[in-house]
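In what follows, a structure is listed as structure tokens, so that the remarks can point back to it.
Where a number appears in this text, it was derived from the coordinates with a stated rule and is not lab data. A quick note: this is a predicted structure, and the numbers were derived from the prediction, not measured. Methodologically, a virtual Cβ is constructed for each residue, glycine included, from the backbone with ideal geometry; neighbour enumeration extends over all protein chains shown.
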Amino acid sequence: MNTIFIATIATFGSVFVNSLVAYAFAKIRFKCRPPFFVIALSTMLIPGFVTMVPQYILFSKLGWVNTYLPLIVPAFLGGAFFIFLLRQFMLAIPDELIEAAILDGAGHLQIWWHIMVPLTKPGLITVAIFSFNGAWNDLLGPLLYLNDESMYTLQIGLQTFKRAVQTQWHYLMAMSVTVLLPVVLLFFFFQKYFIEGANIASGSKG
């Protein structure tokens with residue numbers, strides 16, 4: 001239940017925020033848009049291990065250690081790869097649809113919800129799958145921030161089968177299959193959208 005809670009909230013936050021930011025970069029003209037987009041993409045060049053210690057210090061000072069917040073809140077801050085992926089889809093949507101919606105009195109949030117979200121469904125599902133898979137299989141995050149055993153996730157639970165003297169391989173393998181099953185089922189049911197969404201060039205089909 002801990003893993004399901006973290007993965008679900010993180011997936012929702014990732015899809016929601018990244019789609020909004022991608023819409024802003026794709027369809028809203030504002031000052032310094034290209035430099036901001038370049039800065040966002042440049043964050044992919046920074047390895048996660050470089051920011052690990054500063055993030056821990058920040059979350060520790062905020063009092064978030066031994067809570068789920070360090071595992072959930074970063075998902076609501078956006079990711080450069082997901083923003084780029086969704087932006088490519090949204091760029092392929094004709095501007096005439098946006099202009100017609102504006103003439104009808106629609107605001108940007110209405111345009112995003114009623115036009116962008118339905119037309120970029122393959123991209124959104126791809127982001128959701130990647131985000132869910134990342135949160136579901138995350139070991140380092142819970143290992144760093146969770147101290148209470150009742151808050152442990154499945155990935156930490158798998159490590160309990162490894163002993164200093166002996167590893168319980170039969171239990172470890174059985175639980176590994178169980179932990180892997182939701183991810184496999186998720187891909188099985190949404191593989192059509194995933195394959196289409198993973199191919200960024202598909203966003204240019206119009």
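What the table below lists for this structure:
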| item | result |
| --- | --- |
| Cα long-axis angle, helix 2-27 against the chain (0 to 90 degrees, to the nearest 10) | 20 |
| For the stretch 2-204, size of Cβ-based charge dipole, Lys and Arg +1, Asp and Glu -1, in debye | 320 |
| Mean shadow area of the stretch 2-204 over all directions, Cα convex hull, nm² | 14.0 |
| 222 nm mean residue ellipticity, helices alone, for the chain (DSSP H n ≥ 4; -39,500 (n - 2.57); rounded to 500) | -21000 deg cm²/dmol |
| Among Ala22, Ala80, Ala101, residue whose mean-square fluctuation peaks in a GNM of the chain (springs only between Cα atoms under 10 Å) | Ala101 |
| Label point at His108 placed 7 Å out along Cα→Cβ; residues across the stretch 23-64 whose backbone nitrogen lies under 19 Å | 23-41 |
| Residue with peak Gaussian network fluctuation, the chain [Cα springs, cutoff 10 Å], from Trp112, Trp169, Trp64 | Trp169 |
| Vicinal HN-Hα couplings computed from phi for the stretch 98-110 (Karplus, 6.51 cos²θ - 1.76 cosθ + 1.60; Hz; Gly/Pro x) | 5, 5, 5, 5, 5, 5, 7, x, 7, x, 5, 5, 5 |
| FRET efficiency for Asn133 and Thr167, using Cβ-Cβ distance with R0 set to 22 Å, rounded to 0.05 | 0.30 |
